[in-house]
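A.B. asks: One structure coming up, written as structure tokens, with questions to follow.
Please treat every number below as a calculation from the coordinates, not as lab data. If you're wondering where the values come from, they're calculated on a predicted model, not measured in any experiment. Because the Cβ atoms are built from the backbone with ideal geometry, glycine has one as well, and the counts that use them run over all protein chains shown.
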Amino acid sequence: MSTNFFRRQWIVPYLFLAPALIATVAFKLYPIFIGLWESFIYTSFGGGVEKRVFVWLENYQYLFADPLFWQSLKITGILTILINPIQISLSLGLALLLMRKSKYIRIIRSLFLLPVGVALPIATVVWGLMLDPYQGLVNGFIGLFGIPPQPFLVSEDQALWSIIVIATWKGVAFWMLFLLAGLEDIPKQLYEASKIDGAKPFQNFRFITLPLLKRSILFVLVADTATNFVLMVPMIILTKGGPMQSTNVLVYEAYRSGFYYQDWGRSLSITTLLTLISLIIIGFQLFFLGEKRDEKK
Amino acid sequence: MLLRHIKINWPIYAWYFVILIGLMITVIPFWWALSSSFKDNVTIFAEVSPFSFKSLIPGTSLDPYYGIFMKGFGRAMLNTLFVSVASVLGGLLINSMAGFAFAQFRFKGDNILFGFMILSFAVPADAIAIPLFKMMRQIGWFDTYYALIIPMLANGIIIFLFRQFFIGIPKELMEAARVDGLSWFGIYWKICIPLSKPVILGAGLLLFVFQWESFLWPLIAAPSPDKHLIQVVLARFSTEYAPIWNQQFAASTIAGLFPLIFIYIFQKQFVSALTGVEQK
């Protein structure tokens, strides 16, 4: 064999890999570093001239001294604690419901899939009108039962809950798909065996379904948390972080600081913090997925 | 279905009751949007308060649709179609090549690179959208179609799908082709790609839906109206023309129905591609 042949052999996989690899480095990895770098820079627009000053950690110092930042961290925390358990338990419940035998199960499953294909901005716009305090369908409907109209998105107390409803409507069917796939992977012989042993349905769930579904649930838990952590479409379209900052999550605060107030140092400091937290969440994901892959080998 | 035989001891009517409630919550918002998109606003408001079931019966007026196309919706649809098709073609090409590299070759750093590429897509795109926006300004792609398409091409899920599929192709087939003097690119292009129709369908559908549904990135990366994508225009309608409900519903209906049609036709492939589990 000629050396030329070996050289070509060596380089072939890298050539196949190059376009996707370059794109990943350029558009996924590099922006993280831009974000970090720019978070050390203060930009001012004195007299229409853009001036950039390297200020080290000053942006972060201002950020940590700002009650608005802590408020928005708090809202992010509350949202995370509320929305993820709600979505995961509903997804699991729905997946279990849809495992039941029925003549119509195919069409029922298909109908439940509808929100998967409806983009979040669409869901947001439609639900925004559904929850309209004056002409919304929800207030019209609950009026049938004598319940007075609710303010929903324009109320400090209900806005975050309304956003949870919107994101959950969109999210449950999506995460349910992963749990349904996990459920269908469980060998049916296990249930036959436990039937012979006289197990009750709850025991089946507790000792067969749950342990074997653990990995799917963990995957959904981590992926759902990462997704909701950057949830801001409803805030951009409907609430603008209000009323009274009640829906101003961190990711929206980053967006607003940059695009409304041109305070890029602040915006990118928050972005960098968000990326850092996301990476921690991904660390968990790596851990669980690693476990999953070992299992399969 | 595998679990057909499991007896859940609650009566069937309780199951149907819960399913029915769930279906109502799932379907009614979109159905209401669809029905109202064929009505005038006065009718929509009158039927909702006080509530009448007429609000869930579709109207017959096409004016709302005429209205949105007067406001630039057609342009946004064409833009989205163009950007989506370009993303599907480009994305299928570069991700299948990467999948081929990971499936066919053992090379230095292969595991690390594979892990890196898969995990970098776990970083939520919305978290890096703002620095990516800064980067687009630096390289002069801001407010161009490049910005809408190229950063979205590489995708860890799609690489993973192709790798899994290519691993399943018998090695003998490729070795024989190698002996016959076919280049590696020839093997990829003439043997592997023609065999991978199912994964191309699923992966292409995913790429199409991702792009069709993208919102935050097109909103900040290409703000001029002539480059608006469909979700951006929809959001604009809901703020700029807030009182004109029927047109918001019409825009939502078109924007929603388009991917739904594809998803329902190829439901099996779509779900397989998304969850990575073969559908029975």
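A.B. asks: Just check region B:82-123 against the gyration tensor rule for me: Cα atoms, a ≥ b ≥ c as the square roots of the eigenvalues, rounded for a/c under 1.5, and otherwise prolate or oblate depending on whether a/b exceeds b/c.
C.D. replies: Oblate shape, in that a/c is at least 1.5 and b/c is the bigger or equal ratio.
A.B. asks: Taking 0.36 nm per residue of separation and subtracting the Cα-Cα distance, what length does fully extending B:W15 through B:T239 add?
C.D. replies: The span from B:W15 to B:T239 would gain 76.6 nm if fully extended.
A.B. asks: What number, in percent, do you get for the relative contact order of region B:69-275 if the mean sequence gap of Cα pairs under 8 Å and at least 6 apart is divided by its residue count?
C.D. replies: Working: 185 pairs, mean separation 70.4, N = 207.
Contact order relative to length: 34 percent.
A.B. asks: With the Cα gyration tensor of region A:1-84 giving a ≥ b ≥ c as the square roots of its eigenvalues, does the rule (a/c under 1.5 for rounded; else a/b larger than b/c for prolate; else oblate) give rounded, prolate or oblate? Intermediate values should be presented prior to the final figure.
C.D. replies: Numbers: a/c = 4.38, a/b = 1.91, b/c = 2.29.
Note, shape of region A:1-84 comes out oblate.
A.B. asks: Counting residues in chain A as N, plug N into 2.2 N^0.38 Å and put the Cα Rg over that result.
C.D. replies: Dividing the Cα Rg of chain A by 2.2 N^0.38 Å gives 1.28.
A.B. asks: Would you mind checking region B:19-36 for residues with the amide N under 20 Å from a putative spin-label position 7 Å along Cα→C-beta of A:I147?
C.D. replies: Output list for this probe position: B:19-33.
A.B. asks: Using the alpha-carbon centroid of each, what span in Å lies between region A:147-192 and region B:23-56?
C.D. replies: 23 Å
A.B. asks: Figure the gain on full extension for B:L195 and B:I261 (residue separation times 0.36 nm, minus the Cα-Cα span) and round it to one decimal in nm.
C.D. replies: Numbers: separation 66, 0.36 × 66 = 23.76 nm, distance 2.57 nm.
Extending this stretch completely gives an extra 21.2 nm.
A.B. asks: Principal axes first, then extents: for the Cα atoms of region A:175-297, list largest minus smallest coordinate on each axis, whole Å, largest first.
C.D. replies: Answer, in whole Å and largest first: 67, 34, 17 Å.
A.B. asks: Here's something else I'd like to know. For the pair B:L81/A:L82, report the inter-label distance in nm, with labels modelled 7 Å from Cα in the Cβ direction.
C.D. replies: Calculated label separation equals 4.2 nm.
A.B. asks: Right, next: Could you give the nm distance between label points at A:W56 and A:T43, where each point is 7 Å from its Cα heading toward the beta carbon?
C.D. replies: Simple spin-label model gives 2.4 nm for this pair.
A.B. asks: Take the alpha carbon atoms of chain B, find their radius of gyration, then divide it by 2.2 N^0.38 Å using N residues; give the quotient.
C.D. replies: 1.25
A.B. asks: While we're here: Over the Cα atoms, compute the radius of gyration (one decimal) and Dmax (the largest Cα-Cα distance, rounded to a whole number) for the protein assembly as shown, in Å.
C.D. replies: Expressed in Å, the Cα Rg and Dmax of the protein assembly as shown come to 25.2, 87.
A.B. asks: Can you tell me what the convex hull of the Cα atoms of region B:62-177 projects to on average, as an area in nm²?
C.D. replies: So the mean shadow area of the Cα hull is 11.3 nm².
A.B. asks: Let me ask something else. If I fit a long axis through the Cα atoms of helix B:156-167 and take the longest principal axis of the Cα atoms of chain B, what angle between them do I get, 0 to 90°, rounded to 10?
C.D. replies: 50 degrees
A.B. asks: At a Förster radius of 45 Å, what calculated FRET efficiency corresponds to the Cβ-Cβ distance of A:Q9 and A:L279, to the nearest 0.05?
C.D. replies: On the way: r = 36 Å, r/R0 = 0.80.
Computed FRET efficiency for A:Q9 and A:L279 comes out at 0.80.
A.B. asks: Kirkwood hydrodynamic radius of region A:1-146 from all distinct Cα pairs, in Å?
C.D. replies: Working: mean 1/r = 0.0438 Å⁻¹.
So the Kirkwood estimate lands at 22.8 Å.
A.B. asks: Step through the table entries A:K101/B:K171; A:K74/B:K227; B:K227/B:K268; A:K170/B:K71, compare each Cα-Cα distance with 31 Å, and write down the pairs that go over it.
C.D. replies: Pairs exceeding 31 Å: A:K101/B:K171; A:K74/B:K227; B:K227/B:K268.
A.B. asks: Please determine, in degrees from 0 to 90 and to the nearest 10, the orientation of helix B:245-265 with respect to the longest principal axis defined by the Cα atoms of chain B, where the helix direction is its Cα long axis.
C.D. replies: In chain B, helix B:245-265 runs at an angle near 40 degrees to the longest axis.
A.B. asks: Ok, one more. Nearest 0.05, what FRET efficiency do B:I25 and B:D63 give at R0 = 30 Å with Cβ-Cβ as r?
C.D. replies: 0.50
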